[in-house]
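S.K.: First the structure, which I've put down as structure tokens, then a few questions once you've had a look.
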Amino acid sequence: MSRNRTNPVSELNSSPWVNQAKEHWKKYCPKLYAELQKTGVLHERAVEAAEQTENDLLDAVNNHGVDYQAAWEVVRERYIFLPAEDDPEYPYK
């Protein structure tokens, strides 16, 4: 079965990034994690975080000439590796 490039969410559904997001959120953003789990959207939000990370990463590399590793180090913290809830930069207060 070939992958459908028009639906990156389905491709990323089992991505390691999805699991990394959930593990990170559980440890560093327990309130967010609990709320997403309670409302039944934890996996969906983790898939969306992985999708947005991929989109931004590819945009930085392909359209702006940024080195892959450098782009990854910046982009991963936007959606997957959020600041801890007690960090002043935490976006979901």
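S.K.: I'd like the orientation of helix 68-79 relative to the chain: the angle between its Cα long axis and the longest Cα principal axis, in ° from 0 to 90, rounded to 10.
M.R.: Approximately 40 degrees, to the nearest 10.
S.K.: Quick check: from the Cα gyration tensor, does the chain come out rounded (a/c under 1.5), prolate or oblate? Walk me through the numbers before you get to the answer.
M.R.: Numbers: a/c = 2.65, a/b = 1.27, b/c = 2.08.
Note, shape of the chain comes out oblate.
S.K.: With the crude spin-label approximation of a point 7 Å out along Cα→Cβ, what separation in nm comes out for residue 41 versus residue 55?
M.R.: Distance between label points: 1.6 nm.
S.K.: Taking the Cα atoms only, what angle lies between the long axis of helix 16-28 and the longest principal axis of the chain, rounded to 10 degrees?
M.R.: Approximately 20 degrees, to the nearest 10.
S.K.: Counting other C-beta atoms within 10 Å, which of 66, 74 has the fewest, and how do the rest follow? Walk me through the numbers before you get to the answer.
M.R.: Values: 66 16, 74 12.
Exposure proxy ranking, most exposed first: 74, 66.
S.K.: Let me ask something else. Would you list, by chain and number, the aspartates and glutamates whose Cα falls below 18 Å from the Cα of residue 26, excluding same-chain residues fewer than 8 positions away?
M.R.: Output for residue 26: 35, 44, 48, 77, 85, 86, 87, 89.
S.K.: Now for a separate question. Of the options 92, 24, 36, report the single residue whose Cα projects farthest towards the positive end of the charge dipole of the chain (beta-carbon charges: Lys, Arg +1; Asp, Glu -1).
M.R.: Farthest along the dipole direction, towards plus: 36.
S.K.: Right, next: With contacts defined as alpha carbon pairs under 8 Å and 6 or more residues apart, what's the relative contact order of the chain in percent? The partial results should precede the final answer.
M.R.: On the way: 85 pairs, mean separation 29.9, N = 93.
It rounds to 32 percent for the chain.
S.K.: Same structure again: Sort 28-36, 80-88 for me by packing, meaning the mean count of neighbouring Cβ atoms within 10 Å per residue, highest on top.
M.R.: Numbers: 28-36: 16.6, 80-88: 13.9.
Ranked from most to least packed, the peptides come out as 28-36, 80-88.
S.K.: Rounded, prolate or oblate: which one fits segment 39-93, using the alpha carbon gyration tensor with axes a ≥ b ≥ c (rounded when a/c is under 1.5, else prolate when a/b beats b/c, else oblate)?
M.R.: Numbers: a/c = 3.34, a/b = 1.52, b/c = 2.19.
Oblate is the answer for segment 39-93, as a/c is 1.5 or above yet b/c matches or exceeds a/b.
S.K.: Compute the FRET efficiency between residue 14 and residue 64 as 1/(1 + (r/R0)^6), taking r as their Cβ-Cβ distance and R0 = 25 Å, and round to the nearest 0.05.
M.R.: On the way: r = 29 Å, r/R0 = 1.14.
Plugging the Cβ-Cβ distance into 1/(1 + (r/R0)^6) gives 0.30.
Laboratory data are not the source of any read-out in this text; all were calculated from the coordinates shown. Since we're looking at a predicted model, the values are computed, not measured. For neighbour counting, all protein chains shown are included, and Cβ atoms are generated from backbone atoms with ideal geometry for every residue, glycine included.
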